[in-house]
Amino acid sequence: MQQSETPQDDLFQPMIWHGSHLQLLDQRLLPHQEQWLRLEQIEQVADAIKNLAVRGAPAIGITAAYGAVLAARRCQQQYPDDWHRVWLEELAELAQTRPTAVNLRWALARMQALELSDSNAFALLEQEAIAIHREDIACNQQLARSGSDLIQAGSSVLTHCNTGPLATGAIGTALGVIIAAWQQGRLKQVFADETRPWLQGSRLTAWELARHQIPCQVIIDGAAAWLMASQSIDWLIVGADRIAANGDVANKIGTYSAMLAARAHGARTMVVVPWSSVDMATATGMQIPVEQRDDSEVLSLGGQRIAATDAAAWNPVFDITPAHLVDFLVTERGVIAKPDTEKLTALAKADG
Ligand code: MRU
């Protein structure tokens with residue numbers, strides 16, 4: 001993969017489509033280096049998703065959609081008579097790169113549903129990928145409005161993982177709400193869990209908040225309960241990788257503990273997602289596949305082993321928060337208080 005300079009853009013987007021290639025900000029190097037990758041092949045896209053150069057459910061879906069466009073171009077060149085079959089096989093492999101974020105499969109399903117011919121395939125696929133990207137940005141604008149409306153002036157908030165522009169097409173979901181609420185003068189304090197083991201909170205969320213001139217205090221994940229017990233925290237605001245039909249929430253490991261602490265200490269909880277993260281085909285959170293990643297993410301830090309020699313690890317990178325711990329589910333289709341199957345089904349039917 002080649003590297004290049006940071007593109008200039010008013011609305012910060014972590015991926016930029018250039019027709020012949022996708023430019024992607026390498027999130028593994030943030031906050032200390034801003035390097036952009038140039039992706040020309042679907043294998044490079046798969047590698048970027050699998051190895052976290054891009055992460056965050058909506059950003060993964062958008063990147064995969066652009067990957068499908070790149071794949072179609074090469075398949076048509078290399079297998080003119082059989083390109084569609086090979087293309088579908090390549091997409092099936094891409095879909096396996098990260099199992100929990102449903103946006104990946106959702107975006108690829110949208111690309112596969114197009115009626116393609118030999119002559120129109122590239123143009124139609126490119127159009128659809130750009131539409132997926134643009135719709136995500138518009139959706140996030142709506143989420144920021146709806147979510148910030150719920151927050152009363154003078155509030156203190158805690159967030160977990162990274163749900164800002166980097167995790168989406170632009171703007172962000174939960175962090176988009178926090179940024180909007182800050183800009184509206186509603187927030188007193190913003191706390192961010194550092195988010196072990198990959199440190200999306202201290203590396204990415206703190207970086208994004210600084211870009212918006214929003215002061216933020218990073219806490220270790222284990223401090224969340226004590227923060228809520230010892231200071232007044234009004235809201236815990238998070239995103240999700242997938243919402244089951246009953247409102248259960250799959251999100252970055254540590255979300256469940258923070259949600260339990262919020263319930264115990266009277267902080268309200270808000271989960272902010274695009275509808276593309278809602279999986280009505282999965283009845284409850286317990287059916288959502290939870291990605292397990294390499295032990296080394298837990299046992300090492302910055303490439304240096306910190307755990308005792310011979311120690312092994314258990315590294316599920318998501319957890320499932322039961323719906324009864326969610327006070328508000330914010331989507332572009334509407335805001336649901338105390339989500340459950342009945343309310344989500346009604347919302348799915350309303351606009352679906
Ligand atoms: O492993 P990651 O960094 O892809 O996990 C990201 C999260 O868990 C986010 O909270 C979630 O995808 C929502 S992003 C808007």
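A P(r) calculated from all alpha carbon pairs of the range 145-351, with 5 Å bins opening at zero, reads 1, 8, 16, 20, 21, 16, 10, 6, 2, 1, 0, 0 percent.
Exposure proxy shown here: for F328, F318, the number of other Cβ atoms within 10 Å sets the order, fewest to most, as F328, F318.
Model label points for E297 and A210, set 7 angstrom from Cα along the Cα-to-Cβ axis, are 2.4 nm apart.
Need one number: % antiparallel among DSSP beta bridges in the chain, to the nearest 5. Walk me through the numbers on the way to the answer.
Working: 23 of 43 bridges.
The answer is about 55 percent antiparallel.
Given R₀ = 30 Å, FRET efficiency for A283-D82 by Cβ-Cβ distance, to 0.05? Approximately 0.20, to the nearest 0.05. Taking 27 Å as the straight-line reach from the Cα of K349, the lysines in range (excluding those fewer than 8 positions away in the same chain) are K338.
Across the chain, Cα-Cα distances exceeding 30 Å account for 34% of all pairs.
Using the Cβ of K338 as centre and a radius below 15 Å, the other residues enclosed give a net charge of -1, where K and R count +1 and D and E count -1. Charging the Cβ of each Asp and Glu at -1 and of each Lys and Arg at +1, and nothing else, the dipole of the range 116-166 about its Cα centre rounds to 300 debye. Near L22, within a Cβ-to-Cβ distance under 10 Å, what is the net charge of the other residues, with Lys and Arg +1 and Asp and Glu -1? Net local charge, L22 excluded: 0. Among M15, M286, M270, which one moves the most in a GNM of the chain with springs linking Cα atoms closer than 10 Å? With Cα springs under 10 Å in the chain, the top fluctuation among M15, M286, M270 is at M286. What the Cβ-Cβ distance of E34 and A307 gives, at R0 = 22 Å and to the nearest 0.05, is a FRET efficiency of 0.10.
Could you check how many percent of all C-alpha pairs in the range 16-90 are farther apart than 19 Å?
36 percent
With neighbour counts taken as other beta-carbon atoms within 10 Å, the residues I137, I178, I60, I253 rank, fewest first, as I137, I253, I60, I178.
Run the helix sum for the chain: -39,500 (n - 2.57) per DSSP H stretch of 4+ residues, divided by residue count, reported at 222 nm to the nearest 500 deg cm²/dmol.
Rounded to the nearest 500, it is -12000 deg cm²/dmol.
The string of couplings for the range 20-28 from the Karplus curve (6.51, -1.76, 1.60, θ = phi - 60°) is 9, 7, 10, 9, 9, 6, 7, 6, 5 Hz, one whole number per residue in order, with x for Gly and Pro.
By the rule of a C-alpha distance below 15 Å, with chain neighbours fewer than 8 residues away ignored, the aspartates and glutamates paired with K188 are D234. In terms of surrounding Cβ atoms within a 10 Å radius of their Cβ, S156, S230 rank from fewest to most as S230, S156. Over the C-alpha atoms of the range 1-155, the Rg to Rh ratio, Rh being the Kirkwood estimate, stands at 1.01. On full extension, the segment bounded by S119 and D47 gains 23.0 nm, given 0.36 nm per residue less the C-alpha separation. Could you identify which residue out of Y79, Y256, Y66 has the top mean-square fluctuation in a GNM of the chain using Cα springs shorter than 10 Å? Evaluated over the chain, the most mobile residue of the options is Y79. When the Gaussian network model of the chain links Cα atoms closer than 10 Å, the mean-square fluctuations of S155, S277, S300 top out at S300.
Under the convention that each Lys and Arg Cβ holds +1 and each Asp and Glu Cβ holds -1, the size of the dipole of the chain around its Cα centre is about 920 debye. Subtracting the Cα-Cα distance of L260 and D149 from their residue separation scaled by 0.36 nm leaves 37.6 nm.
Projecting the Cα positions of S300, A258, Q189 onto the charge dipole of the chain (unit charges on Cβ atoms of Lys, Arg, Asp and Glu, taken about the Cα centre) puts Q189 furthest along the positive direction.
Read the figures in this text as sums done on the coordinates, not as results from a lab. Just so it is clear, the model here is predicted, and its values are computed rather than measured. Virtual Cβ from ideal backbone geometry, glycine too; neighbours counted across all protein chains shown.
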